[in-house]
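Structure, as structure tokens:
The values are calculated or read from the model by the stated rules, or taken from the named source; none is laboratory data. Since the structure is predicted, the reported quantities are computational estimates derived from the model, not experimental observations. Glycine also receives a Cβ, built like all others from the backbone with ideal geometry; neighbour counts cover every protein chain displayed. These accessible areas exclude ligands, DNA and RNA; they are computed on the full protein's heavy atoms, side chains included. Shrake-Rupley method; radii C 1.70, N 1.55, O 1.52, S 1.80 Å.
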Amino acid sequence: MYRHELRFVLRFGVREQFNQFAERLSQEETARGWAPPRVWRATSGHVNQIVIEHDYTSLDAFRKDRAAFHDDPGSGGEVLALWGKETRFN
């Protein structure tokens, strides 16, 4: 198994926006048949830390999904661009 993990430390007051972002990203990835994300809040560590994980059967499976995303990001790319440019979570 190979796990891809993203960690975010959110500013106070943006959790609802982040939840919407995570839901849209999950819908896009699931619709494309990619590994579904798991989103959770850390109970230790930084305050407001959120973790997104994807589990893959192998490193090759991870690379296949990521290559497909980079070749054609679809609306998932739009979601990430919106998050990166307009909505600052951290």
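Check Arg11: other-chain or 5+ apart residues with amide H under 5 Å from its amide H, H built from backbone geometry?
Residues meeting the amide H criterion: Asn90.
Once you put a point 7 Å from the Cα of Trp40 and another 7 Å from the Cα of Val14, both along the Cβ direction, what distance in nm separates them?
Result: 2.4 nm between the two label points.
Only Cα pairs under 8 Å and at least 6 apart count here; give the relative contact order of the stretch 1-54 as a rounded whole percent.
Details: 59 pairs, mean separation 26.6, N = 54.
The normalised contact order for the stretch 1-54 reaches 49 percent.
If you take the alpha carbon radius of gyration of the chain and divide it by 2.2 N^0.38 Å, what ratio comes out, to two decimals? Working shown, then result.
On the way: Rg = 13.4 Å, N = 90, 2.2 N^0.38 = 12.2 Å.
Compactness ratio reported: 1.10.
Could you check how much of the accessible area of the chain is carbon and sulfur, as a whole percent, using a 1.4 Å probe? Mind showing how you got there, number by number?
Details: 2970 of 5860 Å².
Answer for the chain is 51 percent, counting heavy atoms of protein chains only.
Rounded to the nearest 10 degrees, what's the angle between the helix 15-31 long axis and the longest principal axis of the chain, both from Cα atoms, 0 to 90?
The angle comes out at about 10 degrees.
Given the options Phe62, Phe21, Phe12, state which has the largest fluctuation in a GNM of the chain using a 10 Å cut-off (strictly under) for Cα springs.
Highest fluctuation of the listed residues: Phe12.
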